Amino acid sequence: MVIYTVTVNTGDRLLAGTTSYIYIQLRGTEDESDEQSLNCVQGFWQGSVKDFQIDCKAPLGELIDVQLYSKPFMGLLYDQWFCDKITISTPEGDKILFPCYNWLDWNERLALRPAKASLVFQDTNLIAQKLRMRELDEQQKLFRWRVYAEGTPQVIDCDSACSLPPEVRFSFTKESEFYFSAGKQLALLKLTGLADCRKSWENISQLEPILCDNRSETIEYCQEHWDEDEFFGYQFLNGLNPMMIQLCSTLPENFPVTDDMVKGSLGGSSLEQEMEKGNIFLSDYKMLDELVGNVVSGRQQYLTAPLVLLYCNPQGMMLPIAIQLRQKPGEDNPIFLPTDSKADWKLAKIFVRNAEFGVHEVDFHLLRTHLLAEVFTVATLRNLPSPHPLHKLLFPHIRYTLQINIMARNQLISKDGAITTYAGVGGESLEKLLKRATASLTYSALCLPDNISERGLETVPNYYYRDDGMKLWNIINKFVAALLSHYYQHDVNVQKDTELQSWISEIFTKGFLGRDSSGIPSSFQTLKELIKFVTMVIFTVSAQHAAVNNGQFDFGGWMPNYPTALRQPPPKEKGQTTEDTIMETLPDVGTTVNGMAVLALLSKDSADHYPLGNFPEHLYDEEVPCKLIEDFQKDLGKLADLIEERNKKLELPYTYLSPRNVDNSVAI
Ligand SMILES: [Fe+2]
């Protein structure tokens with residue numbers, strides 16, 4: 001008879017304990033133990049650490065997995081159990097860690113693998129290999145792909161966040177689902193009474209009281225500066241969507257701006273001269289061309305596909321100098337200028353900000369962070385078994401992503417969802433835009449260093465998104481490179497890792513729809529390729545999501561700065577717009593507050609927020625990765641301090657990419 005000592009750590013989160021019966025079975029290369037009950041009188045309470053002895057007839061050999069199983073107490077009483085980890089002391093004197101960090105519901109079974117990471121061809125033991133294959137087989141049955149809409153990335157085949165398998169449930173509760181509703185947010189904002197009001201606002205100042213309980217420094221800044229050119233230009237670099245602007249060295253043919261139009265804005269210089277100096281920039285919303293606005297509260301809404309020309313002046317300010325609201329030039333599509341009437345220019349900028357809502361929410365937020373994060377999550381769960389080092393590396397980065405995306409599909413972009421109901425780009429246009437965005441998505445656009453150089457923005461001043469983002473990219477890249485180099489010493493190891501190759505192949509076919517033109521790899525030949533891709537994955541789901549997500553209420557809470565829908569068509573001639581036209585065009589009272597509720601909801605911190613660099617599941621147990629994680633956390637801490645120092649000198653601090661504000665995963 002030999003004895004194995006099992007130490008069970010119950011999580012210290014709320015309701016982690018259980019009175020259910022927990023059963024355990026140890027499996028090794030030589031034999032397996034009987035299924036044994038871990039009954040104890042007091043149950044497993046929150047934060048408890050308990051030791052048990054498992055008697056076996058003979059040594060089990062190398063331990064391969066631990067099975068946990070839960071049954072109701074007395075056949076009746078049951079509650080979920082959150083187990084952090086199991087540690088097993090073997091008769092040979094080894095201590096082996098089996099990370100869990102999962103909920104176990106009654107009649108559910110969890111299979112825990114040892115923390116030591118291994119690649120498929122290193123697991124030479126036949127039983128371990130079989131378990132690896134069995135785990136993937138089970139995972140592939142649990143996590144299936146589904147077509148959400150033709151021409152867009154595939155999603156998880158699951159209709160309800162609460163019915164997701166325990167492997168990805170984390171501390172998610174029904175309550176989280178309850179709070180994920182625009183109605184609940186309306187109540188929290190104390191705006192429920194205005195939700196059905198179809199009246200126009202009489203003037204902009206009427207909006208002030210509805211923000212009274214929900215102010216932040218940035219909202220107040222928006223309120224004060226929203227119609228100033230300097231702030232309008234600033235937002236192309238450091239606002240909610242810092243991804244649209246690009247250097248302009250020749251004017252698009254459909255944007256016939258002349259020197260006469262802009263020479264006042266250029267201090268007497270010409271467009272050609274300023275283009276040569278690299279001071280002219282463009283934001284072109286052609287992706288929105290010909291999309292028809294939604295019908296909101298029975299009323300047609302209007303979308304435009306503007307072109308915006310910007311000038312970076314000698315003081316380093318980015319200023320708009322010309323706006324054309326539709327793509328096809330012509331007499332009925334004037335080019336608006338800062339020298340036009342105040343109302344004409346203001347309304348042109350409002351249409352641009354509404355176009356910004358469409359491309360930001362659908363392309364840069366939904367597609368390029370949420371849907372891609374879901375692709376990475378499903379591909380990881382289906383193709384990388386728990387001992388795989390990349391599974392361990394990516395696990396913190398998939399937290400809550402499936403839940404949040406299922407809830408967004410059910411409650412925001414579903415037929416009666418809040419975006420479908422209240423956004424000008426909602427409904428059919430959203431699907432069309434999502435398809436267009438997917439069709440034009442490229443690998444280089446997702447890799448920040450490539451993206452910045454493709455857009456010609458290497459030297460533009462005061463571009464804090466780029467400055468902080470590049471530093472973050474480099475820190476993530478350094479960590480990923482060191483960690484993956486520890487497991488893959490040679491390119492050939494990358495090539496023969498069949499699990500890894502299946503992972504990237506599924507990402508290519510299910511996420512990027514097998515489009516070679518995307519530049520996304522369909523296989524990996526070198527370690528260098530792998531490091532770059534994994535850096536992109538982690539950057540996308542953490543930093544990039546934070547940059548385009550966390551400021552939604554900051555920049556959008558003041559509605560005129562980010563109107564969700566516009567009720568009048570764009571002006572066809574100059575000189576017709578008045579302040580009244582502007583109020584008639586902006587969303588009515590009900591649409592405004594419902595839009596605010598959605599933005600408030602989308603900007604919320606998740607229930608248990610883990611900033612970048614945290615590995616709450618402690619899935620690694622070896623010295624090298626643990627040391628690398630420590631170094632990674634130190635680098636992130638230094639960057640956070642650096643950003644904090646820089647922000648002290650800014651009129652409007654740029655905080656979104658401070659590592660302390662960046663979540664590990666797409667969790668909201
Ligand atoms: Fe988000």
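The values are calculated or read from the model by the stated rules, or taken from the named source; none is laboratory data. Bear in mind the structure is a predicted one, so any value in this text is a computation, not a measurement. Glycine also receives a Cβ, built like all others from the backbone with ideal geometry; neighbour counts cover every protein chain displayed.
Please give the helices (runs of 4 or more DSSP H) falling wholly within the stretch 436-542 in which 1 or more residues are at pLDDT 95 or above, out of contact with any strand residue (DSSP E or B) (no Cβ under 8 Å at 6 or more places or on another chain) and more than 30 Å from Glu274 (Cα to Cα).
In the stretch 436-542, 443-446, 464-487, 491-495, 498-506, 527-539 are the helices (runs of 4 or more DSSP H) which contain 1 or more residues that are at pLDDT 95 or above, out of contact with any strand residue (DSSP E or B) (no Cβ under 8 Å at 6 or more places or on another chain) and more than 30 Å from Glu274 (Cα to Cα).
Just wondering, is there one or more residues in the stretch 150-158 that are crowded, with 20+ Cβ neighbours inside 10 Å, in contact with a Phe, Trp or Tyr (Cβ under 6 Å, 6 or more places away or on another chain) and either polar (S, T, N, Q) or without any contact (Cβ under 8 Å) to a residue 60 or more places away in the chain (or both)?
For the stretch 150-158, residues crowded, with 20+ Cβ neighbours inside 10 Å, in contact with a Phe, Trp or Tyr (Cβ under 6 Å, 6 or more places away or on another chain) and either polar (S, T, N, Q) or without any contact (Cβ under 8 Å) to a residue 60 or more places away in the chain (or both): present.
Output the number of residues of the stretch 640-668 satisfying the condition of being within 16 Å of the ligand (Cβ to nearest atom) and either under 13 Å from Lys471 (Cβ atoms) or among the charged types (D, E, K, R) (or both).
Going through the stretch 640-668 one residue at a time, the tally reaches 3.
Take Lys50 and tell me if it is exposed (fewer than 13 other Cβ atoms within 10 Å of the Cβ) and of a type in the set (Lys, Arg).
no
Would you check if Lys435 is without any contact (Cβ under 8 Å) to a residue 60 or more places away in the chain and not β-branched (Val, Ile, Thr)?
Here the answer is no, as Lys435 does not meet what is asked.
Pick from the stretch 283-330 the residues that are acidic (Asp, Glu) and over 27 Å from Gly267 (Cα atoms): which of them is nearest to the chain's Cα centre (by Cα)?
Filtering the stretch 283-330 for residues that are acidic (Asp, Glu) and over 27 Å from Gly267 (Cα atoms), the one nearest to the chain's Cα centre (by Cα) comes out as Asp289.
Mind counting the residues in the stretch 321-361 that are assigned to a strand (DSSP E or B), over 23 Å from Leu240 (Cβ atoms) and either out of contact with any helix residue (DSSP H, G or I) (no Cβ under 8 Å at 6 or more places or on another chain) or of a type in the set (Gly, Ala, Ser) (or both)?
Adding up the residues that qualify gives 2.
Against the condition part of a helix (DSSP H, G or I), away from the ligand (no atom under 16 Å from the Cβ) and surrounded by fewer than 20 Cβ atoms within 10 Å (Cβ to Cβ), how does Glu617 come out, does it pass?
Numbers: part of a helix (DSSP H, G or I): no; away from the ligand (no atom under 16 Å from the Cβ): yes; surrounded by fewer than 20 Cβ atoms within 10 Å (Cβ to Cβ): yes.
Taking the combined requirement at face value, the residue does not satisfy it.
Does Glu167 satisfy being at pLDDT 95 or above and either in contact with a strand residue (DSSP E or B) (Cβ under 8 Å, 6 or more places away or on another chain) or outside any helix (DSSP H, G or I) (or both)?
No: the conditions fail for Glu167.
Being more than 16 Å from the ligand (Cβ to nearest atom), surrounded by fewer than 20 Cβ atoms within 10 Å (Cβ to Cβ) and over 30 Å from Ile335 (Cβ atoms) is true for just one of Gly590, Gly575. Which residue is that?
Numbers: Gly575 fails: over 30 Å from Ile335 (Cβ atoms).
None of the other options fit; the residue is Gly590.
Which of the residues spanning the stretch 534-570 are within 14 Å of the ligand (Cβ to nearest atom), surrounded by 24 or more Cβ atoms within 10 Å (Cβ to Cβ) and over 30 Å from Ala348 (Cα atoms)?
Val541, Ser542, Ala543
How about the stretch 410-429: which of its residues are surrounded by fewer than 19 Cβ atoms within 10 Å (Cβ to Cβ) and within 16 Å of Thr152 (Cα to Cα)?
Ser414, Glu428, listed by residue number.
Quick grid of which residues meet (1) surrounded by 17 or more Cβ atoms within 10 Å (Cβ to Cβ); (2) touching a Pro at 6+ places or on another chain (Cβ under 8 Å); (3) farther than 19 Å from Tyr654 by Cβ:
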| residue | (1), (2), (3) |
| --- | --- |
| Ile452 | yes, no, no |
| Asp468 | yes, no, no |
| Tyr487 | yes, yes, yes |
| Gly514 | no, no, yes |
| Gln525 | no, no, yes |
| Lys532 | yes, no, yes |
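Does any residue of the stretch 621-639 turn out to be part of a loop (DSSP other than H, G, I, E, B), more than 16 Å from the ligand (Cβ to nearest atom), at pLDDT 90 or above and out of contact with any Phe, Trp or Tyr (no Cβ under 8 Å at 6 or more places or on another chain)?
yes
Glu230 fails exactly one of the following numbered conditions: (1) in contact with a Lys or Arg (Cβ under 9 Å, 6 or more places away or on another chain); (2) at pLDDT 95 or above. What is the number of that condition?
If we test Glu230 against (1) in contact with a Lys or Arg (Cβ under 9 Å, 6 or more places away or on another chain); (2) at pLDDT 95 or above, just (1) comes out false.
Would you please name the residue that is nearest to Met596 (Cα to Cα), looking only at residues in the stretch 186-224 that are in a loop (DSSP other than H, G, I, E, B) and of a type in the set (Ser, Thr, Tyr)? Spell out the reasoning first.
Within the stretch 186-224, the first condition is being in a loop (DSSP other than H, G, I, E, B), and the residues that meet it are 189-191, 195-203, 212-216.
Subset that is of a type in the set (Ser, Thr, Tyr): 200, 216.
Working: Ser200: 16, Ser216: 14 Å.
So the residue we want is Ser216.
Give all pairs with beta carbons closer than 6 Å in which a residue from the stretch 381-407 that is buried (at least 23 other Cβ atoms within 10 Å of the Cβ) and among the hydroxyl-bearing types (Ser, Thr, Tyr) meets a residue that is modelled with pLDDT of 95 or more and assigned to a helix (DSSP H, G or I); count only pairs at least 6 apart in sequence or on separate chains.
Thr401/Ala373; Thr401/Glu374; Thr401/Thr377
Please work out if Glu361 is within 16 Å of the ligand (Cβ to nearest atom), in contact with a strand residue (DSSP E or B) (Cβ under 7 Å, 6 or more places away or on another chain) and acidic (Asp, Glu).
Taking the combined requirement at face value, the residue does not satisfy it.
What pairs can you find where one residue is in the stretch 365-376 and among the β-branched types (Val, Ile, Thr), the other is assigned to a helix (DSSP H, G or I) and within 11 Å of the ligand (Cβ to nearest atom), and their Cβ atoms are less than 8 Å apart, with a gap of 6+ or different chains?
Thr369/Val541; Thr369/Gln544; Thr369/His545; Thr369/Val548; Thr369/Asn549
Take the stretch 253-303 and flag every residue that is modelled with pLDDT under 95 and under 23 Å from Thr459 (Cβ atoms).
If the condition is that a residue be modelled with pLDDT under 95 and under 23 Å from Thr459 (Cβ atoms), then Gly267 is the only one that fits.
Residue under question is Lys432, and the condition is that it be over 23 Å from Phe143 (Cα atoms), outside any helix (DSSP H, G or I) and among the charged types (D, E, K, R); does it hold?
no
What are the pairs, 6+ residues apart or on separate chains, where a residue within the stretch 639-668 that is over 23 Å from Ile404 (Cα atoms) has its Cβ under 7 Å from a residue that is away from the ligand (no atom under 16 Å from the Cβ) and not in a helix (DSSP H, G or I)?
Ala640/Ser658; Ile643/Ser658; Glu644/Ser658; Asn647/Pro653; Asn647/Tyr654; Asn647/Thr655
Looking only at residues that are surrounded by fewer than 16 Cβ atoms within 10 Å (Cβ to Cβ) and of a type in the set (Asp, Glu) in the stretch 244-282, which one is nearest to Arg368 (Cα to Cα)?
Residue satisfying both the conditions and the ranking: Glu253.
Condition test on Tyr285, is it of a type in the set (Phe, Trp, Tyr), surrounded by fewer than 22 Cβ atoms within 10 Å (Cβ to Cβ) and either within 19 Å of Thr420 (Cα to Cα) or in contact (Cβ under 8 Å) with a residue 24 or more places away in the chain (or both)?
no
Can you tell me which residue among Leu63, Leu112, Leu68 is of a type in the set (A, V, I, L, M) and closer than 19 Å to Leu15 by Cβ? Steps first, answer last, please.
Values: Leu63 fails: closer than 19 Å to Leu15 by Cβ; Leu112 fails: closer than 19 Å to Leu15 by Cβ.
Residue meeting the stated conditions: Leu68.
How many residues does the stretch 93-120 contain that are within 33 Å of the chain's Cα centre (by Cα) and in a loop (DSSP other than H, G, I, E, B)?
11
Being of a type outside the set (A, V, I, L, M) and under 19 Å from Leu619 (Cβ atoms) is the filter here, so list the residues in the stretch 110-151 that pass it.
Arg113, Pro114, Lys116, Ser118, Gln122, Asp123, Arg132, Glu135, Glu138, Gln139, Phe143
Which residues, counting only those in the stretch 255-282, are under 34 Å from the mean Cα position of the chain (by Cα) and part of a loop (DSSP other than H, G, I, E, B)?
Result: Phe255, Gly278, Asn279.
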